[in-house]
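**Q** Shown below is the structure under consideration.
The values are calculated or read from the model by the stated rules, or taken from the named source; none is laboratory data. Quick caveat: nothing in here was measured; it's all calculated off a predicted structure. Because the Cβ atoms are built from the backbone with ideal geometry, glycine has one as well, and the counts that use them run over all protein chains shown.
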Amino acid sequence: MSDKTLKSSVDWQSLLGETGPLAEIIEGFTPREQQQQMAEAVGECITNYQTAIIEAGTGVGKTFAYLMPALASEGKVIVSTGTKTLQDQLFLKDLPIVKKALNSSSKLALLKGRANYLCLYRLKQALHDGSFHDKRSLNYLHRIDDWATMTASGEVVEITSVPKESEVWGSVTSTVDNCLGADCEYYNDCYVVKARRRAQEADVVVVNHHLFFADMALKEEGFGELLPNASTVILDESHQIPEIASSFFSDTFSSRQVRELATDIIAEATVIGDMPTLRDTARNVDKIVQDLRLAMDKPGLREPWYKIRNKPAIIQEMDNLLEEMEALGELLATFAERSQGLETCLERCQVFLVRLRNMQVPQDNAVQWYETFTRSFSLISTPLDVADTFQRQISALPCAWVFTSATLSVDNSFQHYCQRLGITADRELQLDSPFDYWHHSLLYAPPNIPEPQAHDFVESVVDAALPVIDACQGGTFVLFTSYRALNEAAERFKDELDVPILVQGDAPQHEMIENFRKLGNAVLLGTGSFWEGVDVRGEALSCVIIDKLPFASPFEPVTEARIQSIKDNNGNPFYDFQIPHAVITLKQGVGRLIRDHNDRGVLMICDPRLRTRSYGNIFLESLPRIPRTQKIEVVKRFFALPNADEET
C-alpha cells in the first residue's frame, strides 16, 4: 500500500452525516452535502498523488472536510493556514475533535517560527552583555530568565508578564540569520530544535504560511527540513499564497538586520574581549545605516528604488555602507575562528553584502523597491513572477497538494490563480455556501454616489451609510480600501451616530472584535486585515458596508512593475491582473456578513462602477446569489421585517 492511500475505503456521507462520529461529538452539527463532496475530493487527491484546487464557500465546513481525510490517510501531512490564530485553533480545537471522531492514533504537532521560541544562547548573551540599562527592560529580562527554568516548550506566549511589544524579546529569540545551528552550546536543549523534532516525528504537522514558505525558501537552497518528508500538503486560506510566496522568494536588505548584526558582533566581542577595532567597525556600520535611513526622507514611503537610487546623498551613504561592511567582513574573517557566534556573524555579513551590491544595479525579472519606517528601512528585490519557482517546488515533491479557500475563483474560473502559481490542477471544485443568501441577505448599491476619485466621494459614502446604519441600529462593519478614507469617515461617523464607534488602530484587532461582539450595536471602521479572517456571528453584525472596489494601487511598486511586465508581454493588465486581484479581495470582505445559517444582513457596496462599468458584472457574478436593490426603502423594510422576503 502506498504511504499516501487512505487506510480503508471511506464513506464520507456516513462519516460526515447526521449519525456520523462528528455529529456525536459536536453539539448542533449539521450535515452538509458540500462538506461531504469536499472530503471525498481531498481523499481522492491524497490517494492518487493529485493537485486539487477547492473553493469552499462560507459555511461548507472546509476545515473538517480536509482534516478527516488527512487523519484517515497514511503518511505525513502538513497543514498550513494563514495566521497563528487559525493555526492554534486547528491544533487545539479542530484536530482533537477529528482525532476522537476517527479514533485515530495519529501523532500531532504544532510548529511556529523561531521568533515564537526562547533562544537560550541569546538569553545568556542578553544577561551578560549589558545591552539593557533601563529598569523596566532589566526587570523583563530577569522575568524571562526565571521563566526559562520552568518552561517545557519555550513558547513565548506562555509568559504573559512580559509584553509582546517589549524590545527585550528581540534579544532573547533567534532568527534564521543569527541562529548558530548545531554548533550552539545549547543545541540539545534548544526549543526550536525540540519543536522541529516533534514535527519530524508527527503524522500531522500544523504550520502557518510564513513558516511553510520559510521552509520552502530554505529547500530552494537545499536546507528545507519539513517539506521533503511530506506525503500531503494542505494549504488553507490559500488565496494568500501568491503574495506570501512573492515575499519569501524576495531578497531583502533591511537596516534592522544590519543593526542586529552590529549588536551581535559587539556583544560577542565584549564577551571574548580584546577586539576594539571590530567593535568600532560594527558601531560605524550601525551609524552609517542610520544615516542612509535619514537620506531616504520621511517614513511611510513604499516606492521603486530607481526613484532615489541616483540621488547624491543616497549614492554617498550606499558607498559608505558598502565600504564599511566590506571592512567589517574582513575583520570578521580574521576573528571568526575565536567563536561560533562570530563565524555566524561573518556568514550573515557576507549575505547582506551580496544583497546590498545587487541593489546597486537593476535586476532582470525583478522589481527593486524600498520602504521607510520611522527609524528603519528595507530594500527589497521581488520577483515579478513566482510561477516558475513555485511550480519547480511542487514538481520536486511527489506528494498530494490541496489548495483551498473561500475565495479562489474569479468569474467562476481558477485560471487567474493557477497562472500566478504556475500550477495545473488535477481536480477543480467549486462548492457554494450552504447558507441561504437569497432569503437572508440583500445587496444595496446606493444611487447618486460620485466616482471614487471625486473629492466628495468619502462624504457621499458616509451620507449614504448613515440611514442604513440607523435602520440596522448599529451592528455594522464599514470596510475601507485606504486609511485616508477611514480616518476622514471616522470623524463624520463620530459626529453623526449615537452608537459606539470602533476605529482600527485604537486597540489591537482581537480586542476590537471582542468588544464589537459584546456591545452588539457598534460600528467598526477598518481596512486591510479586517477584510478577512474575522468571524462575528449573530445579530452583533447585521451590515457590511464597503466603500469601493478594492483595486490595488497601480503606484505600489510591485503592482506597478507587474502591470508594466504584462503590458510588455502584450497582455491586458487590467483584466489579466487588476480585476482578478480585486475580485478575490472583495469576496473576502463580503464573506464577513453571513457566518452562520441563522445570520442575515445587508451588504452595501458604494462604488458606482459596480453598475456603470462593464467589468462590474465580473464582480457581481463572482459573489453569492443575492437580491439587489438601489432603494433605501427596501433596506429599511429588510431590517424591519426580519423574516420577510423582499422584492427588489
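**Q** Are there any pairs with C-beta distances below 8 angstrom linking a residue in the range 65-93 that is in the same structural domain as E532 (by TED's automatic domain parsing) to a residue that is not in a helix (DSSP H, G or I), with the two at least 6 apart or on different chains, and if so which?
**A** none
**Q** Residue check, R484 against (1) without any contact (Cβ under 8 Å) to a residue 40 or more places away in the chain; (2) assigned to a loop (DSSP other than H, G, I, E, B); (3) closer than 23 Å to H581 by Cβ, all met but one. Which one?
**A** (2)
**Q** In addition: From A152, A148, A115, which residue is free of Cβ contacts under 8 Å to residues at least 24 places away in the same chain and under 30 Å from the mean Cα position of the chain (by Cα)?
**A** Of A152, A148, A115, the one residue that is free of Cβ contacts under 8 Å to residues at least 24 places away in the same chain and under 30 Å from the mean Cα position of the chain (by Cα) is A152.
**Q** Does I626 meet the test of being out of contact with any helix residue (DSSP H, G or I) (no Cβ under 6 Å at 6 or more places or on another chain), under 29 Å from F493 (Cα atoms) and either among the hydrophobic types (A, V, I, L, M, F, W, C) or buried (at least 22 other Cβ atoms within 10 Å of the Cβ) (or both)?
**A** It is false that I626 is out of contact with any helix residue (DSSP H, G or I) (no Cβ under 6 Å at 6 or more places or on another chain), under 29 Å from F493 (Cα atoms) and either among the hydrophobic types (A, V, I, L, M, F, W, C) or buried (at least 22 other Cβ atoms within 10 Å of the Cβ) (or both).
**Q** Quick one: is A454 outside any helix (DSSP H, G or I), surrounded by fewer than 20 Cβ atoms within 10 Å (Cβ to Cβ) and over 28 Å from the mean Cα position of the chain (by Cα)?
**A** yes
Residues checked against (1) touching a helix residue (DSSP H, G or I) at 6+ places or on another chain (Cβ under 6 Å); (2) in a helix (DSSP H, G or I); (3) in the same structural domain as V285 (by TED's automatic domain parsing):
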| residue | (1), (2), (3) |
| --- | --- |
| M325 | yes, yes, yes |
| G329 | yes, yes, yes |
| E347 | no, yes, yes |
| R355 | no, yes, yes |
| P362 | no, no, yes |
| V367 | yes, no, yes |
| E371 | no, no, yes |
| S378 | no, no, yes |
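**Q** Considering each residue of the range 467-518, count those that are touching a strand residue (DSSP E or B) at 6+ places or on another chain (Cβ under 7 Å) and basic (K, R), and give that number.
**A** 1
**Q** In addition: Quick check on my filter: what residues within the range 221-246 are under 21 Å from the mean Cα position of the chain (by Cα) and modelled with pLDDT under 90?
**A** G224, L226, L227
**Q** Exactly one of (1) of a type outside the set (A, V, I, L, M, F, W, C); (2) over 17 Å from N178 (Cβ atoms); (3) under 32 Å from the mean Cα position of the chain (by Cα) is unmet by D286. Its number?
**A** All conditions are met except number (2).
**Q** I've got another one for you. Looking only at helices (runs of 4 or more DSSP H) that lie completely in the range 12-90, which have at least 1 residues being of a type in the set (K, R)?
**A** Passing ranges, in order: 62-71, 84-89.
**Q** Further question: Yes or no: the range 139-146 includes at least one residue that is out of contact with any Asp or Glu (no Cβ under 7 Å at 6 or more places or on another chain) and of a type in the set (V, I, T).
**A** Within the range 139-146, one or more residues are out of contact with any Asp or Glu (no Cβ under 7 Å at 6 or more places or on another chain) and of a type in the set (V, I, T).
**Q** Okay, moving on. Inside the range 320-347, can you point out the residues that are β-branched (V, I, T) and in contact (Cβ under 8 Å) with a residue 40 or more places away in the chain?
**A** Answer for the range 320-347, where residues must be β-branched (V, I, T) and in contact (Cβ under 8 Å) with a residue 40 or more places away in the chain: just T344.
A quick yes/no check of all residues on (1) out of contact with any helix residue (DSSP H, G or I) (no Cβ under 9 Å at 6 or more places or on another chain); (2) outside the structural domain of I605 (by TED's automatic domain parsing); (3) closer than 30 Å to D236 by Cβ:
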{"site": "I469", "(1), (2), (3)": "no, no, no"}
{"site": "N487", "(1), (2), (3)": "yes, no, no"}
{"site": "P508", "(1), (2), (3)": "yes, no, yes"}
{"site": "R517", "(1), (2), (3)": "yes, no, yes"}
{"site": "G526", "(1), (2), (3)": "no, no, yes"}
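**Q** Would you mind telling me which numbered condition in (1) surrounded by fewer than 18 Cβ atoms within 10 Å (Cβ to Cβ); (2) within 25 Å of G533 (Cα to Cα); (3) touching a Gly at 6+ places or on another chain (Cβ under 7 Å) I546 fails?
**A** Just one mismatch for I546, condition (1).
**Q** Of everything in the range 388-418 that's of a type in the set (G, A, S) and either under 19 Å from the mean Cα position of the chain (by Cα) or outside any helix (DSSP H, G or I) (or both), which residue is farthest from Q34 (Cα to Cα)?
**A** Looking at the filtered set, the residue picked out is A400.
**Q** Check whether at least one residue in the range 161-170 is part of a helix (DSSP H, G or I), outside the structural domain of E237 (by TED's automatic domain parsing) and touching a residue at least 60 places away in the same chain (Cβ under 8 Å), and report yes or no.
**A** Yes, the conditions are met somewhere in the range 161-170.
**Q** Among the residues of the range 373-387, is there at least one that is without any contact (Cβ under 8 Å) to a residue 60 or more places away in the chain and not basic (K, R)?
**A** yes
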